[in-house]
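Below you'll find the structure, written out as structure tokens, and then a few comments.
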Amino acid sequence: MTHKLTTRLGPYWLILEPSGETTWRLQVWGDAHLEAEVVAPDEEEAKSAAVLATVELMQKKDPDFRQPETVVWNPAFTSENRL
């Protein structure tokens, strides 16, 4: 099982998972599925960078989009099994 984290920013779900020693794969699920790579020395920095990048991107679409005061990340339990 891969270590993944998830949080929600407004109508968007963020999925963050390590993809290397200092790289993280960020997926943003919402109206459109977006993916990016985050480079950070540790998990806390990766989570912070993922939120900031997502908020910045979403503000381009909607200038009123704001980062919540508190962002809570939770483990995302996934399976590699496919139907």
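Brief remarks follow.
- Check on Ala46, more than 16 Å from His3 (Cα to Cα) and without any contact (Cβ under 8 Å) to a residue 60 or more places away in the chain: no
- Of all residues in region 31-42, none are at negative phi, under 13 Å from the mean Cα position of the chain (by Cα) and in contact (Cβ under 8 Å) with a residue 24 or more places away in the chain.
- In region 1-15, the residues that are exposed (fewer than 14 other Cβ atoms within 10 Å of the Cβ) and of a type in the set (Val, Ile, Thr): Thr2
- Residue selection: Trp13 fails the criterion of being part of a strand (DSSP E or B) and either in contact with a Cys (Cβ under 6 Å, 6 or more places away or on another chain) or in contact (Cβ under 8 Å) with a residue 24 or more places away in the chain (or both).
- Taken together, the criteria place Arg25 among residues that are in contact with a Ser or Thr (Cβ under 6 Å, 6 or more places away or on another chain) and of a type in the set (D, E, K, R).
Every number in this text was worked out from the coordinates using simple rules, so none of it is lab data. Keep in mind that what you see is a predicted model, and the values were worked out from it rather than measured. FYI the Cβ positions are ideal-geometry reconstructions off the backbone, even for glycines, and counts take in every protein chain you see.
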